[in-house]
Amino acid sequence: MTLLSPLGSPTMSERERDEGPGKLPFRSAVVPAAGLGTRFLPTTKAVPKELLPVVDTPGIELVAAEAAEAGAEQLLIVSSPGKDSVAAYFAESPELEKELAERGKEELVAKVRRAHELIAVRTVTQDEPRGLGHAVGCARPAIGPDEQAFAVLLPDDLVLPTGVLTTMAQVRERYGGSVLCAFDVPREATAAYGVFQVEDTDDDDVKRVRGMVEKPAPDEAPSTFAAAGRYLLDRAVFDALDRIEPGAGGELQLTDAIALLIDEGHPVHVVVHRGGHHDLGNPAGYVRAYVDFALADPDIGPDLRAWLAARLES
Ligand code: UTP
């Protein structure tokens with residue numbers, strides 16, 4: 001049994017026993033995918049935005065691969081009653097595989113198998129889109145009572161190169177509590193993001209979080225560190241989710257639960273990711289990601305580059 005500190009989070013020695021040095025502090029990765037995807041209407045009437053391809057692979061498979069690479073053992077997809085195709089995407093397709101194998105298309109067989117071979121996938125249902133915080137709360141019954149922390153990856157956010165979850169795990173090992181991920185954005189861009197109010201630590205890329213402001217004007221932003229869709233959350237967040245009221249848009253906001261934990265003294269740190277980033281959640285960001293991945297593809301990249309250059313000149 002794990003003893004809890006007064007704040008509800010395990011103390012350092014308790015964590016060392018449960019998670020141990022060198023042991024990954026999470027086994028489950030939650031992927032909320034039950035939103036309405038209104039920014040992609042009309043397509044999302046029939047196709048979940050999480051299945052839109054980036055060249056040929058859906059964003060949700062890219063984040064599943066990231067979670068598996070970080071050592072997660074189970075992917076908990078939060079889905080909604082109308083989005084069964086998200087779970088179906090991770091199921092085996094023996095007939096398709098057999099057909100492709102008979103045609104000698106071994107490369108395609110490998111592509112088809114990849115999603116279900118990456119990681120064990122379970123789905124949990126969010127009956128109504130009541131917000132990201134509510135979606136994360138829906139995963140609670142599927143997370144083992146011994147799991148003191150779990151990861152959350154937003155499938156419309158690509159954080160590149162992958163690997164930030166491993167750094168976030170190291171930060172939890174050092175400080176305990178919950179660990180978030182941020183990008184350093186230009187000050188003039190802060191109004192598009194949730195922005196952290198932070199204090200320095202002895203590491204330039206790790207900050208202690210004191211608060212968060214949604215979409216601040218550049219002159220009011222407490223920093224230029226903007227929230228990215230990766231979280232390593234202490235299970236204390238479930239209790240906080242039970243205690244918050246609906247916030248912006250009448251939804252249960254994950255950031256409100258994290259703010260409550262901060263107010264109660266729970267350590268929350270942020271890892272500043274100095275890499276690339278794509279927002280697949282809106283058409284403009286999606287097109288950029290698509291072009292970026294296509295340019296990097298050895299089969300289609302060179303032709304696309306030449307076509308784009310000619311297109312931009314014309
Ligand atoms: P978004 O706000 O980007 O997704 O939530 P959305 O609500 O589907 O998109 P728009 O704004 O209508 O275009 C981030 C992630 O959280 C999930 C979404 O599926 C997305 O992957 N989410 C959001 C849920 O699972 N449940 C919710 O109630 C809200």
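The values are calculated or read from the model by the stated rules, or taken from the named source; none is laboratory data. Because the structure is predicted, anything quoted here is derived from the model rather than measured. Note that we place each Cβ from the backbone using ideal geometry, even for glycine, and neighbour counts take in every protein chain shown. For the accessible areas, the whole protein counts, side chains as well, though only heavy atoms, and no ligand, DNA or RNA atoms are used. Shrake-Rupley method; radii C 1.70, N 1.55, O 1.52, S 1.80 Å.
Return the lysines within reach of LYS45: Cα separation strictly under 26 angstrom, same-chain partners fewer than 8 residues apart disregarded; answer none if there are no such residues.
LYS83
In the chain, what % of DSSP beta bridges are antiparallel (nearest 5)? Provide the component values of the computation, followed by the final result.
Details: 27 of 45 bridges.
Among the beta bridges of the chain, antiparallel pairing accounts for roughly 60 percent.
So, by mean Cβ neighbours within 10 angstrom, what's the order for 43-52, 108-117 with the highest one leading?
In descending order of packing, they fall as 43-52, 108-117.
If you bin the C-alpha pair distances of the stretch 141-243 every 5 Å from 0, what whole percents do you get?
Percent of pairs per bin, in order: 2, 11, 20, 22, 21, 14, 6, 2, 1.
Leaving ligands and nucleic acids out of the surface, order CYS181, CYS138 by accessible area at 1.4 Å, largest first. Working shown, then result.
Details: CYS181 0, CYS138 30 Å².
Descending order: CYS138, CYS181.
In 10 Å bins starting at 0, how do the alpha-carbon pair distances of the chain split up by percent?
P(r) for the chain, in whole percents per bin: 6, 24, 35, 23, 9, 2, 0.
Highest mean first, what order results for 83-96, 297-310 on Cβ atoms within 10 Å? Show your work: numbers first, answer last.
Numbers: 83-96: 14.7, 297-310: 11.3.
Highest mean packing first, the order is 83-96, 297-310.
Using r as the Cβ-Cβ distance of LEU304 and ARG27, and R0 as 45 Å, what FRET efficiency do you calculate, to the nearest 0.05? Please list the in-between numbers first.
On the way: r = 39 Å, r/R0 = 0.88.
Efficiency for this residue pair is about 0.70.
List the lysines whose Cα lies under 22 Å from the Cα of LYS207, skipping any in the same chain that are fewer than 8 positions away.
Within the straight-line limit of under 22 Å, LYS207 reaches these lysines: LYS215.
Taking the Cα atoms of the stretch 79-141, report the difference between the largest and smallest coordinate on each principal axis, in whole Å and largest first.
Over the stretch 79-141, Cα extents along the principal axes are 46, 21, 15 Å.
So, R0 is 51 Å and r is the distance between the beta-carbons of GLU188 and LYS98; what FRET efficiency does that work out to, to 0.05?
Values: r = 55 Å, r/R0 = 1.07.
Computed FRET efficiency for GLU188 and LYS98 comes out at 0.40.
Please give the helix 301-313 orientation as an angle from the longest Cα principal axis of the chain, in degrees from 0 to 90, rounded to the nearest 10.
Long axis of 301-313 versus the principal axis of the chain: about 90 degrees.
Relative to the present Cα-Cα distance, how much length would full extension add between SER85 and GLU220 at 0.36 nm per residue of separation? Don't skip to the end; give the middle numbers.
Values: separation 135, 0.36 × 135 = 48.60 nm, distance 4.23 nm.
Between SER85 and GLU220, full extension yields an extra 44.4 nm.
Lys and Arg at +1, Asp and Glu at -1: add these up for the other residues within a Cβ distance under 12 Å of HIS278 and post the number.
On the way: positive: ARG288; negative: ASP156, ASP157, ASP279, ASP292.
Once all neighbours under 12 Å are counted, the net charge is -3.
Divide by every residue of the chain the summed helix terms, -39500 (n - 2.57) for each DSSP H run of at least 4, and state the resulting mean residue ellipticity at 222 nm, rounded to the nearest 500 deg cm²/dmol. Walk me through the numbers on the way to the answer.
Details: 11 runs with 111 residues, N = 314.
Roughly -10500 deg cm²/dmol at 222 nm, from the helical runs in the chain.
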